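Structure first, commentary second.
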Amino acid sequence: EKVYLCFDSDEAGMQALFRVVPILLDLEVDIYVIKLPSGKKDPADVVYESDRLWIDSVNNAFPLIDFLIDYAKSKNSNIKDLRNFSDTYIIPIISKMAKVIHRAHAINVLSRAIDLPEEAIYSAIIEKGKNKNYTKDIPIQGVSRPSSPPVHEIFIGLTKLSNSLKSIGCETLVDDLFTKFLGSKVGDI
C-alpha cells in the first residue's frame, strides 16, 4: 500500500522520480519520498555511511505532494516561477491521483504553497486531466531524456525481477504486473 522512493539528489534523480510516479499513481499506492541528508547525493552512500542515518531518513520520508512542493520552492525563488513549476510538474501529478482524499489534500497543500484558491487549482487539474500522456512532456532542466534500452535488455531485466519476486512468494503479483504492462504472463512470453 505504501511505496518509498529515494533517488540521487541531483536533476537526474528528479527526472527518475517524475518517470516513476505516474506508474505508481496508476497502482493507487501511497507514495513517500526519502529526502537525503544535506550534502549527500547518493542513497547508497548514506546507507554505507550510517545505518542510523538511513533509518532516520526513511522514518522522515515526505508524502509525495509535500516533497514536490519542497523541491519546487528550492528551485523557484519567486511566486510566479513557483506557480509555473506547479502548473507544469505538480498539477499533472495531482490530476492522476486516483484517491479523492489524496487529491483533495494535495490541492489544499498546493493552494497554500502557491497562494491561489483551491478552485483555481481544481480548474487546472481538470484541464491537465484531459491530457493523460503528460509525462512524455515533463523535462527537467539540464537533463535530456535517455533513449530506451533495447527490447532484449528490458526482457532480461523483467525476467530477473520476476525471478526475484517469485523467490519471495510474489508469483501472483508478477503475473498480474506482466499481464497489465505486457499483455501476457511471464511464462507465455
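The table below lists the values:
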{"item": "Whole-Hz ³J(HN,Hα) from phi, Karplus 6.51 cos²θ - 1.76 cosθ + 1.60, for segment 90-98, glycine and proline x", "result": "8, 4, x, 5, 4, 5, 8, 5, 7"}
{"item": "Integer Hz, Karplus 6.51/-1.76/1.60 couplings in order for segment 47-55, x for Gly and Pro", "result": "4, 5, 5, 6, 4, 4, 4, 5, 4"}
{"item": "Rough spin-label spacing in nm, given labels placed 7 Å along Cα→Cβ, for residue 161 and residue 99", "result": "2.2"}
{"item": "Karplus (6.51, -1.76, 1.60) ³J(HN,Hα), θ = phi - 60°, over segment 20-37, in Hz, Gly and Pro reported as x", "result": "8, 4, x, 5, 5, 4, 5, 7, 6, 9, 7, 10, 10, 10, 8, 8, 5, x"}
{"item": "Charge dipole magnitude, Cβ of K and R +1, D and E -1 - segment 1-131, Cα centre, debye nearest 20", "result": "320"}
{"item": "Total formal charge among the other residues, if their Cβ is under 11 angstrom from that of residue 116, Lys/Arg +1 and Asp/Glu -1", "result": "-2"}
{"item": "Contour excess over end-to-end distance, with Cα ends at residue 184 and residue 122 and 0.36 nm allotted per residue", "result": "18.6 nm"}
{"item": "Which listed pairs, of 2/99; 41/99; 40/73; 80/128; 35/96, have C-alpha distances above 25 Å, in listed order", "result": "41/99"}
{"item": "Segment residue 19-residue 49, extension gain: residue separation times 0.36 nm, minus the distance between their alpha carbons", "result": "8.0 nm"}
{"item": "Other-chain or far-sequence residues with amide H under 5 Å of residue 30's (modelled H)", "result": "2, 3"}
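Values quoted throughout were computed directly from the atomic coordinates according to the rules given, and no laboratory measurement underlies them. In this text the structure is predicted, and so the values were computed from the model without any measurement. All Cβ positions, even for glycine, are placed from backbone atoms using ideal geometry, and neighbour counts span all protein chains on display.
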